[in-house]
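The values are calculated or read from the model by the stated rules, or taken from the named source; none is laboratory data. Being a predicted model, the structure only gives us computed values, none of them experimental. As a convention, Cβ positions derive from the backbone with ideal geometry for all residues, glycine included, and neighbour counts pool all protein chains shown.
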Amino acid sequence: MNDCHETPNRNAVPLTAIGEEIPLIALAGQPNMGKSTIFNLLTGLNQHVGNWPGKTVERREGSFHYNQQTFRLVDLPGTYSLTANSPEELIAREFILVEKPAVVVAVVSAANLERSLYLVSELAALGVPLVVALNMMDVAAKEGIQVDTSLLEEALGIPVVPMTASRAAGVRELLGVVQEVLDGKRVPAPQPPEVRSDHQEVWKEVEQLIAPYVPAPYPQSWMALKLLEGDVEAARRMQAALPHDVWEQVQILLRAHDDAFLAVATGRYEWIGRTIGTAVTQHKIGQIGWTERIDRWAAHPVWGLFILAGILGLVFWLTFTLGAPLQELLDARVVVSFSGLASRALATTPSWVQGVIVDGLIGGVGSVLTFLPILIIFFATFALLEDIGYMARAAYVMDNLMHLMGLHGKSFLPLFLGFGCNVPAIMGTRVIDSWPARLLTILIAPLVPCTARMAVVAFIAPAFFGGNAVWVSWGLVMLSLLTLVIAGVLLNQVIFKGQRSAFIMEMPLYHIPNGRTIGLLVWQRSFSFVRKAGTAILAMSLLVWGLSYLPGGDLNTSFLARFGQLVEPVGRWIGLDWRLTVALITSFPAKENAIATLGVIFGNSSEAGLAGLLASTFSMASALSFLVVTMLFIPCMATVAVIKQETDSWRWTLLSVFMLLLVSVAAGAVAYRLASLLGF
């Protein structure tokens, strides 16, 4: 074996020997099992987040070092099974079968073993080297559940490692077992479930018929099992591979046993039941776990709504109590000071050079970067809610309200994601089984105020409304959500004729949040925002500056002013002059551009900062109108693109854009006139 290659840094971890193939490990598991926590613990910042080729499903891959060796780690999409009912399930199984990872680590919950073993029952049938990470041992103990890991390992025929990933307990032991499997010191011998006895004969018959034609790398028995289940993707592959007469024989067998999918599922549940009976001791009858105690309030149909409203209110209170002062500090001490320094340093350069640097770069991008404290608070609070398991409760208590729109509580999950960003919210609608419900959720999702819109509000509201900024912001959020409900009801009645769909959803047990996971999520999202500020927003800021400078260097006669004056009649109708109107229009590529544009137009060298300049220039009525329109305006370019991608229709995409354009202008006009009547 070659010597290990070391980097010049003496503190660096040694890498895999030159010429050796880096072992690939795959993490598989159902949602809310702690899979992402383990991935983050192992990879830290050595991870890459993107999309799977040709899919909107997120792909997370990273690397880590253990015992002088480098490993690749892929976090497979969370799936409840390996049946091709969703892109996530298809991606997970195709990756395992085609890429053939050296080890597949199945992450299961000790507190909910019966549910999480279903995926293990399917993985065991694939014939891959398998290790079970028995996570959430602490949660199981609090719920009065005891799991005998040695008996569980014996029943499964698979190495089992007890863990509490939220405290990093058991991670080193897991890596030790994975290393033993890779070295051949431990050989997993999975004992997969069998089909119910009355359908085993037909399973063998189907396997015999297809055996000579099953394409690599798919196992013959597994492919026959998938045909019995009615797996559409497996049927498509085998129809293409089989001669016509053989395919007809297979179809005759399957039609004669059209209940075979029940036999397959029954076999798996019987296997799970035997395993649970062997290794798990449940809490005493009548003993109430802490999850059930909390859910008496958090999942209550009435009190749950108050708790949800209180949590959202707390998020906004934290934003303005902690985030707004930090934002003002960054604006006054960093952006304004830096603008002054740059102006003095460039005093002898041509005016256009000063304009590009001071107004275009610092005034535009600098103003947007002051959002960062606010966004970090949003990212951290919502990541915390997701990590402890509260998101599912929020969906549950919102189910009745969702029904007003013909939706169900499951639609609340992607809508809730919209508070972070509308793009993943729309992508998240894939969890909704019904296409009409999914489409309706996509159309109303942009009405959820994302962090970019809220950052604009957080910048402008304190400047105009002072101590009442929290209440104004709360009112704007409530206006957006009320508009969402009204739009959903109307769209459901007019387009979908009042259709309704059922709500079936499993709620995870509460667990202690993992600070590392939350921290990495905040870092990734914050870094993404800063990267956007350094690319798209920078480009838009420089473009706006160029239009404001050309052709003669005078803002009032510039191309930007001419364009603004062209659309000013519409803006005047809602109380906005050409500058605010242009800022609104330039928010289409990214909502933060509204502030970047105002930063370019007004500059940011005044001691009062941009917020002070705006407050001294516009009335509160105009500011309120601008904020109302911003909250309801057409979504950003990325959101429009993903609406087109998810609906595969320009008709639905344009309907969303024009609906929001009309709603925002109408609401802005009403807000401006009411505020003017009240003397603001």
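Structure data summary
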| read-out | value |
| --- | --- |
| Residue count, the stretch 277-307 (criterion: modelled with pLDDT of 80 or more, under 27 Å from the mean Cα position of the chain (by Cα) and surrounded by 15 or more Cβ atoms within 10 Å (Cβ to Cβ)) | 1 |
| From the options ALA111, ALA106, ALA124, residue that is under 29 Å from GLU270 (Cα atoms), of a type in the set (Gly, Ala, Ser), surrounded by 22 or more Cβ atoms within 10 Å (Cβ to Cβ) and in contact with a Pro (Cβ under 7 Å, 6 or more places away or on another chain) | ALA124 |
| Number of the condition not met by VAL139 [criteria: (1) out of contact with any His (no Cβ under 8 Å at 6 or more places or on another chain); (2) in a helix (DSSP H, G or I)] | (1) |
| Selection within the stretch 527-583 - of a type in the set (S, T, N, Q), at pLDDT below 75, surrounded by 15 or more Cβ atoms within 10 Å (Cβ to Cβ) and over 32 Å from the mean Cα position of the chain (by Cα) | SER548 |
| The lone exception for GLY564 - which of (1) in contact with a Lys or Arg (Cβ under 9 Å, 6 or more places away or on another chain); (2) in contact (Cβ under 8 Å) with a residue 40 or more places away in the chain; (3) of a type outside the set (D, E, K, R); (4) part of a helix (DSSP H, G or I) it fails | (2) |
| Single condition MET33 does not satisfy, out of (1) at pLDDT 85 or above; (2) assigned to a loop (DSSP other than H, G, I, E, B); (3) surrounded by 15 or more Cβ atoms within 10 Å (Cβ to Cβ); (4) among the aliphatic types (A, V, I, L, M) | (1) |
| Any chance ALA594 is assigned by TED's automatic domain parsing to the domain that holds LEU447, more than 24 Å from LEU440 (Cβ to Cβ) and buried (at least 24 other Cβ atoms within 10 Å of the Cβ) | yes |
| Subset of the stretch 165-214 (residues that are closer than 30 Å to PHE261 by Cβ, under 37 Å from the mean Cα position of the chain (by Cα) and of a type outside the set (Asp, Glu)) | PRO188, ALA189, PRO190, GLN191, PRO192, PRO193, VAL195, VAL214 |
| Flag if ARG186 is of a type outside the set (Ser, Thr, Tyr), closer than 29 Å to GLY44 by Cα and surrounded by fewer than 16 Cβ atoms within 10 Å (Cβ to Cβ) | no |
| Residue in the stretch 227-242 that is in a helix (DSSP H, G or I), out of contact with any helix residue (DSSP H, G or I) (no Cβ under 9 Å at 6 or more places or on another chain) and closer than 19 Å to ALA125 by Cα present | yes |
| Where GLY62 falls short, out of the listed (1) buried (at least 20 other Cβ atoms within 10 Å of the Cβ); (2) under 27 Å from LEU521 (Cβ atoms); (3) touching a His at 6+ places or on another chain (Cβ under 7 Å) | (1) |
| Of the criteria (1) farther than 25 Å from PRO87 by Cα; (2) surrounded by fewer than 19 Cβ atoms within 10 Å (Cβ to Cβ), which one PRO215 fails | (1) |
| Candidates ALA189, ALA211, ALA224 - the one that is assigned to a loop (DSSP other than H, G, I, E, B), among the hydrophobic types (A, V, I, L, M, F, W, C) and outside the structural domain of VAL98 (by TED's automatic domain parsing) | ALA189 |
| Residue under evaluation THR79, criteria (1) under 19 Å from ALA125 (Cβ atoms); (2) more than 18 Å from the chain's Cα centre (by Cα), criterion not met | (2) |
| Residue list for the stretch 457-506, restricted to those being of a type outside the set (Ser, Thr, Tyr), closer than 16 Å to SER656 by Cβ and either modelled with pLDDT of 85 or more or loosely packed, with under 14 Cβ neighbours inside 10 Å (or both) | LEU484, ILE486, ALA487, LEU490, VAL494 |
| Qualifying residue in the stretch 69-88 (condition: outside the structural domain of LYS226 (by TED's automatic domain parsing), part of a helix (DSSP H, G or I) and either more than 23 Å from ALA189 (Cβ to Cβ) or touching a residue at least 12 places away in the same chain (Cβ under 8 Å) (or both)) | yes |
| Spans of helices (runs of 4 or more DSSP H) in the stretch 595-680 with at least 3 residues under 29 Å from the mean Cα position of the chain (by Cα) and more than 28 Å from VAL335 (Cβ to Cβ) | 637-647, 650-677 |
| Exclusive hit being outside any helix (DSSP H, G or I) and in contact (Cβ under 8 Å) with a residue 40 or more places away in the chain, set VAL107, VAL128, VAL98 | VAL107 |
| From VAL448, VAL472, residue being over 16 Å from THR647 (Cα atoms) and within 26 Å of the chain's Cα centre (by Cα) | VAL448 |
| Test: residue in the stretch 13-22 that is modelled with pLDDT of 85 or more and either aliphatic (A, V, I, L, M) or outside the structural domain of ASP387 (by TED's automatic domain parsing) (or both) | yes |
| Hits in the stretch 191-212 (condition: modelled with pLDDT of 85 or more, of a type in the set (Asp, Glu) and loosely packed, with under 13 Cβ neighbours inside 10 Å) | GLU201 |
